[in-house]
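The block underneath contains the structure these notes are about, expressed in structure tokens.
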Amino acid sequence: MFQAIGGRGVTAARLCARRRAVLVETVRGRKSRNDPIAKSKEGRIKTPPPVDPVEMVVLKERYTEYQLILSALRLDFKEEVLRRKYEEETGSLAEERARKEAEEHRALMDWNREENQRMLQLRVQRIQMEKEEAERKEFEAALEREQKQQEFIRMKEEELLRLQEEAKHFITMENLDQRIEEALDNPKNYNFAIDKEGRITKQTVLK
């Protein structure tokens, strides 16, 4: 950087000298834009300081909250200034405006109360319908369970009757001799061969 002619180090003789060039004086300790990089800083790579992600998130949240608070304060102050200006300009109209706003607020509250009552009635009807639907589904499920139970009992009864009918042909101590005689009178040969279709292809002869 340079110091203008009116600096301390410029003498009266230099001021009176005839020169075409501008008289300037170099300031020690400063570099111009054209000076090269210092040797002690040739290989230096500037790296930004490490940033903690958690701290960054906290700072971002706080900055966002700070901006919201300032925005709210600005809006509040602006509203107050505009309100005062409006009251000063309107004068007696402020009371009329406040009265109209109160009436409008009262009308809106009445409408809100009626709307809440209407929504309450609709909600009660919906809950009643949901209750009836749940009871109907529960009744249908109970009826279906009863039908399945009856079907299960019927199947078990049929199975019991079938077993009772098959039990008539079981071998017991009472009909043991009779069944032995029937087996001897009607011998059966189980020594045979079958093909892939289940037909008997070869069978031995009982002796």
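Of all lysines in the structure, the ones whose alpha carbon falls short of 21 Å from that of K31, not counting any fewer than 8 places away in one chain, are K39, K41, K46. Taken about its Cα centre, the stretch 76-207 carries a charge dipole of about 660 debye when Lys and Arg each add +1 at the Cβ and Asp and Glu each add -1 at the Cβ. Evaluating 6.51 cos²θ - 1.76 cosθ + 1.60 at θ = phi - 60° for every residue in the stretch 148-163, the Karplus couplings come out as 5, 5, 5, 5, 5, 5, 5, 4, 5, 5, 4, 5, 5, 4, 5, 5 Hz, glycine and proline recorded as x. Taking the alpha carbon gyration tensor of the stretch 70-207, multiplying each eigenvalue by 5 and rooting it gives semi-axes of 102, 25, 11 Å, largest first. Here the Kirkwood formula, the inverse mean of 1/r across different C-alpha pairs, assigns the stretch 47-137 a hydrodynamic radius of 19.5 Å.
Stretching the chain fully between E166 and W111 yields a gain of 11.6 nm (0.36 nm per residue, less the alpha carbon separation).
Inverting the pair-averaged 1/r between distinct Cα atoms of the stretch 130-207 gives 18.5 Å as its Kirkwood hydrodynamic radius.
In this structure, K100 and E79 have a Cβ-Cβ separation that, at R0 = 25 Å, corresponds to a calculated FRET efficiency of about 0.85. Applying 1/(1 + (r/R0)^6) with R0 = 25 Å to the Cβ-Cβ distance of Y66 and E89 gives a FRET efficiency near 0.15. Put a dot 7 Å past the Cα of E158, heading toward its Cβ, do the same for Y190, and the two dots end up 3.0 nm apart.
Values quoted throughout were computed directly from the atomic coordinates according to the rules given, and no laboratory measurement underlies them. Everything numeric here is computed off the predicted structure, so don't read it as measured data. Reconstructed Cβ throughout: ideal geometry from the backbone, glycine too, with neighbour counts over all protein chains shown.
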